[in-house]
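A.B. asks: Input: one structure, supplied below.
FYI, it's all coordinate maths here, none of it is from the lab. Given the structure is predicted, the values throughout are model-derived calculations rather than measurements. Here the Cβ positions follow ideal geometry from the backbone for every residue, glycine too, while neighbour counts run over all protein chains shown.
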Amino acid sequence: MGTIVDAANKEVNGSSPPDKKLTVVFVLGGPGSGKGTQCANIVQHFGYTHLSAGDLLRAEQNSGSDNGEMIKTMIKDGQIVPSEVTIKLLLRAMEESGNDKFLIDGFPRNEENRAAFESVTGIEPEFVLFFDCPEEEMEKRVLNRNQGRADDNIESIRKRFKVYTQSSLPVIEYYDSKGKVRKIDASKPVEEVFVAVKEVFTSLDEKVKQHRDVFGRCCCLKTLLIIALDSSVGIICSSFTFVDSLFQP
Ligand SMILES: Nc1ncnc2c1ncn2[C@@H]1O[C@H](COP(=O)(O)OP(=O)(O)OP(=O)(O)O)[C@@H](O)[C@H]1O
Ligand SMILES: O=c1ccn([C@@H]2O[C@H](COP(=O)(O)O)[C@@H](O)[C@H]2O)c(=O)[nH]1
């Protein structure tokens with residue numbers, strides 16, 4: 001059994017059948033747009049594993065790792081931690097989950113994150129779920145969050161908004177140009193936002209189901225054709241033997 005990256009690479013190179021088909025959805029949007037809140041709902045309804053890049057970095061910071069101080073400073077300043085650190089944490093978490101469907105929340109945050117993830121894993125997201133929310137609303141939510149985060153203060157929030165506009169929005173635009181963005185109006189109440197989110201995931205489930213049905217029908221048809229061909233060959237051979245026997249002395 002290979003690693004999760006092996007599985008993904010096999011899919012891309014097509015050199016051998018993948019161990020499993022991985023489904024990755026990137027969940028993007030500004031700080032406080034409601035990504036984590038909605039991911040929790042998606043997990044319950046659609047069986048995905050939620051991986052928040054920010055949560056993984058905070059856990060790494062608190063684990064006493066060599067990168068701890070660097071991560072702490074970067075989070076406080078709203079800066080983007082180098083891709084290699086974040087990707088390593090994401091891949092480890094994917095591997096450990098045992099699942100094959102992932103919501104990657106808050107990543108990729110810039111072009112370098114996006115390109116590095118793609119080249120290391122060969123994984124292309126199924127789509128990007130984009131929570132669109134006005135800055136004033138996001139600011140209000142983050143300031144009321146009360147989870148003891150070191151970056152939920154007005155100074156850090158302003159820096160995070162700036163990084164989001166300069167570095168993260170271009171990633172969303174990149175995926176939009178490839179038709180991969182599913183935009184959600186995240187300014188509405190939680191329940192209403194989830195109605196819109198549910199529609200996106202339900203249509204993905206239906207697409208997968210239709211694909212499976214068509215594949216199943218093709219396999220059935222192929223089997224029937226083989227049986228029919230086999231029987232025809234048998235009948236033709238018997239006919240030849242019969243005709244042959246008529247001419248035997
Ligand atoms: N639609 C909503 N309406 C009002 N409040 C919301 C809504 N969605 C989430 N919240 C609240 O806003 C705060 C931020 O939400 P959440 O943590 O889900 O955002 P996030 O996008 O994951 O943020 P970050 O990127 O900073 O981690 C939380 O306190 C949450 O309860
Ligand atoms: O891919 C990532 C994700 C996060 N960061 C840093 O963490 C904080 C907090 O992220 P949240 O998604 O709001 O939990 C973010 O401001 C970055 O400093 C990162 O560097 N790379």
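A.B. asks: Pick out which of 33, 232, 168 has the largest mean-square fluctuation in a Gaussian network model of the chain, springs linking Cα atoms closer than 10 Å.
C.D. replies: Maximum among the listed residues: 232.
A.B. asks: Taking only Cα atoms and a 10 Å spring cutoff, compute GNM fluctuations for the chain and point out the largest among 94, 74, 138.
C.D. replies: Among 94, 74, 138, the largest GNM mean-square fluctuation belongs to 74.
A.B. asks: A further question on this structure: Could you pull out every residue, at least 5 positions away or on a different chain, whose amide H is within less than 5 Å of the one on residue 105? Hs are placed 1.01 Å off N in the peptide plane, and Pro or chain starts have none.
C.D. replies: Amide H neighbours of residue 105: 27, 51, 52, 53.
A.B. asks: Which one of 48, 164, 175 has the biggest mean-square fluctuation once the chain is modelled by GNM with Cα springs under 10 Å?
C.D. replies: 175
A.B. asks: Beyond 27 Å, what percent of the Cα pairs of the chain remain?
C.D. replies: Numbers: 14302 of 30876 pairs.
Everything past 27 Å amounts to 46 percent.
A.B. asks: For residue 198, list the lysines whose Cα falls under 24 Å from its own Cα; do not include residues on the same chain fewer than 8 positions away.
C.D. replies: Residue 198 reaches 21, 35, 101, 178, 180, 183, 188, 207, 209.
A.B. asks: Go ahead and run the numbers for FRET between residue 188 and residue 225, Cβ-Cβ distance against an R0 of 41 Å, rounding to 0.05. Provide the component values of the computation, followed by the final result.
C.D. replies: On the way: r = 52 Å, r/R0 = 1.27.
Once rounded, the FRET efficiency stands at 0.20.
A.B. asks: Okay, moving on. Output the peptides 195-204, 104-113, 128-137, 49-58 sorted from most to least packed, where packing is the average of other Cβ atoms within 10 Å over each peptide's residues. List each step's numbers first, then the result.
C.D. replies: On the way: 195-204: 15.2, 104-113: 21.5, 128-137: 18.2, 49-58: 19.9.
Listed from highest to lowest mean packing, they are 104-113, 49-58, 128-137, 195-204.
A.B. asks: Counting Lys and Arg as +1 and Asp and Glu as -1, each charge on the Cβ, what is the dipole of the chain about the Cα centre in debye, to the nearest 20?
C.D. replies: Numbers: 31 positive and 37 negative charges, 46 e Å.
About 220 debye.
A.B. asks: Given Cα pairs under 8 Å that are at least 6 residues apart, what percent is the relative contact order of the chain? Don't jump to the answer; show the numbers that get you there.
C.D. replies: Details: 292 pairs, mean separation 63.3, N = 249.
Relative contact order comes out at 25 percent.
A.B. asks: Could you give the angle, 0 to 90 degrees to the nearest 10, between helix 53-62's Cα long axis and the longest principal axis of the Cα atoms of the chain?
C.D. replies: 60
A.B. asks: Find how much the distance from residue 40 to residue 238 grows on full extension, using 0.36 nm per residue of separation minus their present alpha carbon separation; answer in nm with one decimal. Write down the numbers at each step before the final one.
C.D. replies: Values: separation 198, 0.36 × 198 = 71.28 nm, distance 6.55 nm.
That works out to 64.7 nm of additional length.
A.B. asks: Another question, if that's okay. With r as the distance between the Cβ atoms of residue 248 and residue 203 and R0 = 51 Å, compute the FRET efficiency 1/(1 + (r/R0)^6) and round to 0.05. Please list the in-between numbers first.
C.D. replies: Details: r = 67 Å, r/R0 = 1.32.
Efficiency computed from Cβ-Cβ geometry: 0.15.
A.B. asks: A further question follows. In sequence order, what are the phi-derived ³J(HN,Hα) couplings for segment 103-120 according to the Karplus relation 6.51 cos²θ - 1.76 cosθ + 1.60 with θ = phi - 60°, rounded to whole Hz, with x for glycine and proline?
C.D. replies: Once rounded to whole Hz, the list reads 9, 9, 9, x, 8, x, 9, 8, 4, 5, 4, 4, 5, 5, 4, 5, 6, 6.
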